[in-house]
1. Consider segment 175-205. How many of its residues are open to solvent by less than 50 Å² (accessible area, probe 1.4 Å) and not aliphatic (A, V, I, L, M)?
2. Within segment 108-126, does at least one residue satisfy the condition of being in a loop (DSSP other than H, G, I, E, B), touching a residue at least 60 places away in the same chain (Cβ under 8 Å) and small (Gly, Ala, Ser)?
3. So PHE65 fits all but one of (1) among the aromatic types (Phe, Trp, Tyr); (2) in contact with a Phe, Trp or Tyr (Cβ under 7 Å, 6 or more places away or on another chain); (3) at pLDDT below 95; what number is the exception?
4. Which one is least open to solvent (accessible area, probe 1.4 Å), of the residues in segment 32-86 that are more than 30 Å from TYR100 (Cβ to Cβ) and among the β-branched types (Val, Ile, Thr)?
5. In segment 149-169, which residue that is among the small types (Gly, Ala, Ser) and outside any loop (DSSP other than H, G, I, E, B) is nearest to GLU47 (Cα to Cα)?
6. Looking at (1) touching an Asp or Glu at 6+ places or on another chain (Cβ under 9 Å); (2) at pLDDT 95 or above; (3) surrounded by fewer than 23 Cβ atoms within 10 Å (Cβ to Cβ), which is the one condition that is false for HIS124?
Amino acid sequence: MKRRTFLKAGIGLGSAAVLGGLYAWQIEPYWLEFVKLPMPIKNLPQELIGKKLVQISDIHVGNRFSHHYLVDSFFKAQELDPDWVVYTGDFTHFEDSEQYEQLSKVMKSATKGKIGTFASMGNHDYGHGWSMPEVADETQSILEKSGIQTLRDEKQNSEGLMIYGLEDLWGTNFNPKKVMETWNPDEASIALCHNPDVCDLEVWNGFDSWILAGHTHGGQVKPPFLPAPILPVKNRRYSQGKIDFDDGRTLYINRALGHLVPLRVNVRPEITVFTLAQA
C-alpha cells in the first residue's frame, strides 16, 4: 500500500472512530424514544379501557449529566396527558446529601398522571452498597412531597386498577411476599418491580398480569444483531422490552431515561406509553 493511501485510510478510520464516539456520548444518550404498546389486563373495568399509563425508569439524578435533559423529557411525557404515571426506581445516582437537593429540584417538573402517580424503589435509592435505608426513606419523602406515592411492598387501588409496588431486590427491605399474598385474581392488577430478576423468585402467589421493571438500561451498549454484553441481572434473558411467561405474567423492561454513564449504542433512552385494554 502506498504511503498516501495508507494515510488516507488511517485518517478515515480515525474520523469514523471520533464521530462514533461523539454519537455514543453526545447524541444517543439524549435521543429519547417513546415506545407505545397495548396493555391487555384481565378484569379491567370498562371505564378504564383506553386509559393511558406511562412508565419512566432509572432517571439517576446526580452529577453525571445535565438535569435539563430529564426535565425536558418530563415535559414531553406530560404532553401525552397520561392517566397514570409509574416510576420504577433508581431516582438518584447517590454520592452524598447533595442528591437530595438535586432530586427535589428535578421532581418539581415530574410527569404526573391525572388519576395517579406511583413509584417503586431501585437499588441506587439505597445509597452506597445498597445498604443505606435512610437514603431510601429520604428519597421516598422527596417523592411524596412531589406528589408521587411510593409503594414499598405495598399496593394501592387506583380507581379500579390495583397497583403493587415491590421493594428493590438488592435493598435492605425486600420482602414482597407479604403484599403478594393479598393478590386477588378477580382484580385488575399490575406490579412495579425495579429489578427483573425478581420474576424468577417464588413470591408471586399466582399473579398473572403485567410486571413493569427497569434496572438493566438495556445494557446501554449493544452490538448490532448481538445481545448486550453487560447486564446487571442473573437472568440474561432480562435485557429490555416485553417478555411473556407461560404462567400468564408479562414482564416489560424499560431501557431507562437516565444513565449512570452517558454512553449508549443501539439502546436509546425510553419512556413507555401503555394503552390499557381488556385481556
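The values are calculated or read from the model by the stated rules, or taken from the named source; none is laboratory data. Please read all numbers here as calculations on a predicted model, not as lab measurements. Counting neighbours? That spans all protein chains shown, and the Cβs are built from the backbone with ideal geometry, glycine included. These accessible areas exclude ligands, DNA and RNA; they are computed on the full protein's heavy atoms, side chains included. Shrake-Rupley method; radii C 1.70, N 1.55, O 1.52, S 1.80 Å.
1. The first filter runs over segment 175-205 and keeps only residues open to solvent by less than 50 Å² (accessible area, probe 1.4 Å), leaving 176, 179-180, 183, 188-199, 203-204.
Filter once more, so that each one left must be not aliphatic (A, V, I, L, M): 176, 183, 189, 193-197, 199, 204.
Qualifying residue count, segment 175-205: 10.
2. Yes, segment 108-126 contains at least one residue that is in a loop (DSSP other than H, G, I, E, B), touching a residue at least 60 places away in the same chain (Cβ under 8 Å) and small (Gly, Ala, Ser).
3. PHE65 satisfies all of (1) among the aromatic types (Phe, Trp, Tyr); (2) in contact with a Phe, Trp or Tyr (Cβ under 7 Å, 6 or more places away or on another chain); (3) at pLDDT below 95 except (2).
4. ILE41
5. Step one: of segment 149-169, the residues among the small types (Gly, Ala, Ser) are 158, 160, 165.
When the remaining residues are screened for being outside any loop (DSSP other than H, G, I, E, B), the result is 158, 165.
On the way: SER158: 13, GLY165: 23 Å.
Among them, the one singled out is SER158.
6. (3)
Conditions (1) more than 12 Å from the chain's Cα centre (by Cα); (2) farther than 29 Å from ASP83 by Cβ; (3) among the polar types (S, T, N, Q), marked per residue:
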site	(1), (2), (3)
LYS177	yes, yes, no
LEU192	no, no, no
LEU201	yes, yes, no
SER209	yes, no, yes
LEU212	no, no, no
ARG236	yes, yes, no
ALA256	no, no, no
VAL267	yes, no, no
PHE274	yes, no, no
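So that you can scan it fast, the table gives a plain yes or no per residue for (1) of a type outside the set (Ser, Thr, Tyr); (2) in a strand (DSSP E or B); (3) in contact with a Leu (Cβ under 6 Å, 6 or more places away or on another chain); (4) modelled with pLDDT under 50:
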site: GLY10; (1), (2), (3), (4): yes, no, no, yes
site: ALA17; (1), (2), (3), (4): yes, no, no, yes
site: GLY21; (1), (2), (3), (4): yes, no, no, no
site: GLN26; (1), (2), (3), (4): yes, no, no, no
site: LYS36; (1), (2), (3), (4): yes, yes, no, no
site: MET39; (1), (2), (3), (4): yes, yes, yes, no
site: LEU53; (1), (2), (3), (4): yes, yes, no, no
